[in-house]
Structure formats: structure tokens, C-alpha cells
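So the structure is just underneath, and the comments pick up after that.
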Amino acid sequence: MTPAPERPAPQPFWNPYIAGVALGLVLLSSFLIMGKGLGASGGVNRVAIAAVDAVAPAHVDAAPYLARVKAGGTHPLDSYFVFEVLGVLLGGAVSAYAAGRLRTEVVMGPRATTGKRLAFALIGGVIMGVAARLARGCTSGQALTGGALLSSGSWIFMLAVFAGGYGLAWFVRRQWT
Amino acid sequence: MSSEFDLVIAVGLGFFFGFVLERAGFGRSTKLAGQFYGHDMTVFKVMFGAIVTAMLGLVVASGLGLVSFRAVAESAASTTYLWPMLIGGLLLGVGFIVSGYCPGTSLVSAASGHIDGLFTIVGVGLGSLLFGELYPRLEGFYLSGDIGHQFLFDLVGVPPAVLAVGVALMAAGCFLGAEVLERVWTRKRFGTVPAVIETRPRRLVFTSFAVAGALGLATLLAPPAAPEVGAVATWEPIEADQLARRLLDEPWKVWVLDVRDRTDYEAERIPGSEHRAFDELDTFGLQYSPGVKDLVLVTRGGLSSLPPAAAAYKGQVYVLEGGFPSWQGFALETPPVLTSQDSPSRCAAVQFQVAVHRMVTGSEAPPPPPPATAKFVAPPKKKGGGCDG
């Protein structure tokens, strides 16, 4: 039996400046073609509501903010940004596969443990879910899109994101360094 | 509701969005978190680089007359709600460093097979549901600090192109500063010097920014096409249902100006309309408006000729056919009941009217069901044979 072939080393990441310009061109295309920016949390929000709606539709109807996404009888998933999120998943998977980076793992810092890392990933996600609804967008819809359009609120949001991250970084340093 | 073609575009744009994020290394939490410990400024460079690219690109496209920067900004950026955006940003930053992702990058991470990214997506979904549950308590704060569409170039008082070039210059300075910080922190944390960074891509990107910025500024110098005197005074009638459709489909393209008496406007009005009394129109400066949106005038009845102030408006002018009463008949009064003899096109029209009526009046009563078109009778019972049960 021949030994299993060694996994080839994954391709290096793109140069950050080149990646930035590429991302900017995607955003620019979105502006020019659709008159819209990019988004992520809004689509996830709708998928989450659709999941609850499938199990307990009465519960969704009772919560005014949740019921908004099905106003006028539309299905929660019948939305531009749900399909955009689908595209993000596809694009990410294709890119990772082509670069030899598609593999099941838990990405964590050298001192972190798997259980704690996953708990942090979940808790951080919950905090961001609340934050993104409160701010009407996340780093994609608010910081990136609104930032490029020079919206005042988006720039306040963007500076606040970095402030929040740097402010707490010291307390969770064991996770990452 | 979106058209199917839009949804295909959505998947396509999302694909490239996800692809680029993965290529930048944003599927790995350790790389993203490096931003907050100083030794890896990739997040900052990619994000700011993308912002500058899209911004300058839009400035150039706007300068060439393909689109209007302001029109795109008003349609694609949300209005500014100061306090929830500030607190939401701080919270999102906290969630970012705790989870190692932002909502968009968690999608890419999970798509590359990373379990932690998947956990973060689930968290984001749960968090947004939690917000929905808490919304009745948070509503006051959620709606606080509303200052409408507020743009930095208006605050500074310069054309978007000028501010965009300023932001690009600031970004270039910050990029160079970020690289100094990277070197300092890498030495401090790992005792090594970072691998020699290729300077060619950076030079290339900086040069492109400079060219795009110069092009954007150059278009400002070209004199704007002078409006032809007396040639624009045309207007078109618009029906109430067409107006409702446009208000739903592209609210950023229409500007509804109600010129009835103030008391009438206060009593009942088209959602989103602004008021300016008919005889005050001349002092309103309509001729100086950029004319990006289509102006829709709402009068008390009809209108025989356009007032000169509205005729000087640079964009397209519409007058609501029949004035406000036609809107009232369309959207505020109880819509007609469908019968089985109605044609499909009439059914669609009335259903749309019902939807608008419900939206505008807030009436939740469902429209009466159409009468049954056919009768069903029980099939005759089969006799004999015992095998078909």
C-alpha cells in the first residue's frame, strides 16, 4: 500500500491591499448594478426568523419586530439579502476549496481550548446578532457599505466597532495570543 | 419581494463577496483577531482599502454622469440613528473580539469548514431573534438620535468627490502607519521581524487611488451642463396606483410634495410626502435642487399649468392625476370586492390596491375571499367489488 499523498500546502492569502481593492470592486459593482450595498446579518436574521416561523408561526406574529419580515404575506426568505448570503457561502466554499483550505477544524489561538473557543464563538455571535439589529447593519451592511457612501452614522458605527474590539481585547487575550 | 432576476444577481454578487473575503484570509478567526493585538492589520487594510476603492469608483462614475453619488448614497445607506449606531458598534466590536468573526466573515469561515464559524452564525441568528423578542423594550432606544440621511460631505460642506479624496489620503497615511505598528508589535510579541512585505502591490494600489481621485476631482472642474431656459417646462400625469407602486419599488427616486393647504395635509397625506403650500413654492428654491429624484406634486384637485417654480425643477416632474382625492379613492377607502368574473389583470390590480390600503391605513382585516368558482360534489359511490379499499 502506498502512503496517503500528503496534503499540499494551501495557497497563501492575497496581499491585503489587492484583496481590499477586489472587495471594493465587488461593492462598487453592487452599487452600480443594484443600487444596493452588501450585507450579511440581515440575511441571517431572516433565516433565523424563517426557522422559528416554521415551528411556531404564532410566536413570530406576536413579536412585532420579527413579524415585519413577513408583512404583506411575503415569505421571510423571499429577500435579496438572503440570496446574497447564499452566494457568500458558495463563494467562500469555492475559494477555500480551490486554495486547498477546505477542511473541518476549529480555528483557535495557541492557548485556547476547543470547548471554550466554541462557547466564545457562540456568545460573541449572540452579542453581534443583537448589535447588528440595533445598529441596522453589521460590518458589511453598515461599516463597508455606508462607509464607502460617507454616511455619518456608518462612520460612527465603524469607529465604535474598532473601539469596542480594542477595548475588550486585553480581557480575552488568552483566546488569541 | 424581489424579482427573480434580482435574486440571481444577489447570489452572484454574494459569491464574489464571499470569494474575496476567503482569499483575504477572513475565514480564520485567528487572523481576524490579530487586528486587535496589533501584529496583523489585514482587517484594517482590506476594509479601508475596499471602502476607498468603492468610494472613489463611485465618485468617478458619478463625475462621468453614469450615476449620482448622492442618489446611490440615499438608496443604499441607512439613515443615521446616532445612539443605537454608536452602542451597536461598540457591542459589535465586543462580539467580534469574543467570537473572532464579524457576521459576514463567520459565513465564509463556516463555508471553509470551520466549526467555530458555524457556532458564530448560530449565535448571530439567536442574537437577532433575541433582539426581536426584546424589541418592545428597546424600541425607544432603537429609534433615538434620528437625524435622517446624514452624510459627511454635507457636514463638511464640500462635494462628495473632495471629501472622498481627503478620505483616500487619510487612508494612505493610515496604511503606512499600520505597517509601522505591525512591525513594532510583531517584534514585541514574537521577537521576530515580519517577513519582508512586498511593496509592489501597495505601490500599484496607491497609484490607482491617486489616478481615480484625480479623475474624480477633474470632473468637478468641468462646467455642469447649463439647463436650457424654457425647455424643461413639461410634466406628466401619474395615476395613484402608479405612484403607490413607485413609492414601494423605489422610494429613493420619488419626492412627493404636497401643495394643498396645511390643514388638509395634517389631516391626511401620502406616506413620506412633504408639505409646502402652493403659493410658497416660489420661495422654496426648487430650481436649485439637484433634481435627482422625480418630483410628484399633489394638489387638491387637478392642475391646469405647472407653477414656474416647479417648472424650473431639473428632474422629471409628475402631477398626481386627479389630485389628492384620487389617492384617497385608491388607498384610503375600502377597496372593491373581487368577483369570480374579474379578469386576472383586474384581480392583480385590486390585490395590489388592497395591499396598499392595508399598509397605509394599518387595517389588518383580510380582504373578503373570492366566491367559489366551481361546485364540488361527492363522487358517486362505487357498487360491488371489494378490492379497492
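Since every read-out is calculated from the coordinates, none of them should be taken as a lab result. Fair warning: this is a prediction, and the values are worked out from it, not measured in the lab. Neighbour counts run over all protein chains shown; Cβ positions are idealised from the backbone, glycine included.
Numbers below:
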read-out: Most positive-pole-ward Cα, B:Leu118, B:Pro290, B:Leu306, against dipole of chain B from beta carbon charges; value: B:Leu118
read-out: Region B:81-185: proportion of alpha-carbon pairs further apart than 17 angstrom, %; value: 72 percent
read-out: Under 5 Å, built H, 5+ apart or other chain: amide partners of B:Asp146; value: B:Leu82
read-out: Cα long-axis angle, helix A:16-34 against chain A (0 to 90 degrees, to the nearest 10); value: 30 degrees
read-out: Only Lys, Arg (+1) and Asp, Glu (-1) charged, at Cβ; region B:163-211 dipole about Cα centre in debye; value: 180 debye
read-out: Label-point separation, B:Asp282 to B:Thr199 (7 Å along Cα→Cβ), nm; value: 6.6 nm
read-out: Over 40 Å [Cα-Cα, chain B], rounded percent; value: 39 percent
read-out: Nearest 10 degrees, 0 to 90: helix A:41-55 Cα axis against chain A principal axis; value: 70 degrees
read-out: Cα gyration tensor shape for chain A, rounded if a/c is under 1.5, else prolate or oblate; value: rounded
read-out: Most mobile of B:Ala267, B:Ala212, B:Ala168 in a GNM of chain B (Cα contacts under 10 Å); value: B:Ala267
read-out: At R0 = 60 Å, FRET efficiency that the Cβ-Cβ distance of B:Arg187 and A:Ala54 yields, to 0.05; value: 0.65
read-out: Ordering of A:147-153, B:205-211 by packing [mean C-beta count within 10 Å, highest first]; value: A:147-153, B:205-211
read-out: Residue-count net charge about A:Ala40 - beta-carbon cut-off 12 Å; Lys, Arg +1, Asp, Glu -1; value: 0
read-out: Among the listed pairs B:Lys45/B:Lys293; A:Lys70/B:Lys31; A:Lys36/B:Lys31; B:Lys45/B:Lys253, those beyond 31 Å (Cα-Cα); value: B:Lys45/B:Lys293; A:Lys70/B:Lys31; B:Lys45/B:Lys253
read-out: Globularity index of the protein assembly as shown, i.e. its alpha-carbon radius of gyration over 2.2 N^0.38 Å; value: 1.12
read-out: Among A:Met108, A:Val82, A:Ala54 - extreme Cα towards positive end, dipole of chain A, charges at beta-carbon; value: A:Met108
read-out: Region B:15-28 - phi-based ³J(HN,Hα) in whole Hz, Karplus 6.51/-1.76/1.60, Gly and Pro as x; value: 4, 5, 4, x, 4, 5, 4, 5, 4, 6, x, 7, x, 10
read-out: Cβ neighbours within 10 Å from other chains - mean over B:276-283; value: 0
read-out: GNM result for chain B, Cα springs below 10 Å: residue of B:Ala76, B:Ala33, B:Ala178 fluctuating most strongly; value: B:Ala76
read-out: Candidates B:Leu215, B:Leu138, B:Leu176, ranked by Gaussian network fluctuation over chain B, Cα under 10 Å, top entry; value: B:Leu138
read-out: Helix B:344-361 vs. chain B, principal-axis angle (Cα, 0 to 90°, nearest 10); value: 70 degrees
read-out: Cα principal axis extents for region A:62-152, largest first, Å; value: 48, 33, 31
read-out: Computed magnitude of the charge dipole of chain B (debye, nearest 20; Cβ of K, R +1, Cβ of D, E -1); value: 1700 debye
read-out: Pairwise centroid distance, computed over Cα atoms, of region B:251-305 with region A:112-151, Å; value: 41 Å
read-out: Dipole axis of the protein assembly as shown (+1 Lys, Arg; -1 Asp, Glu on Cβ), positive-most option in B:Ser78, B:Val167, B:Gly65; value: B:Val167
read-out: Cβ neighbours within 10 Å from other chains - mean over B:325-332; value: 0
read-out: Distance histogram in 10 Å bins (all Cα pairs of region B:1-59, percent per bin); value: 20, 36, 30, 12, 2
read-out: With 10 Å bins from 0: P(r) over region B:1-115, alpha-carbon pairs, percent; value: 12, 30, 39, 18, 1
read-out: Against the rule of thumb 2.2 N^0.38 Å, how large the Cα Rg of region B:208-344 comes out; value: 1.33
read-out: Residue-averaged beta-carbon neighbours from other chains (10 angstrom radius) around A:71-82; value: 3
read-out: Packing-based order for A:117-127, B:180-190, using average beta carbon neighbours within 10 Å, highest first; value: A:117-127, B:180-190
read-out: Simple spin-label estimate for B:Thr361 and B:Asp264 in nanometres, 7 Å along Cα-Cβ; value: 2.1 nm
read-out: Estimated inter-spin distance, B:Ala222 and A:Lys116, nm [label 7 Å along Cα→Cβ]; value: 6.0 nm
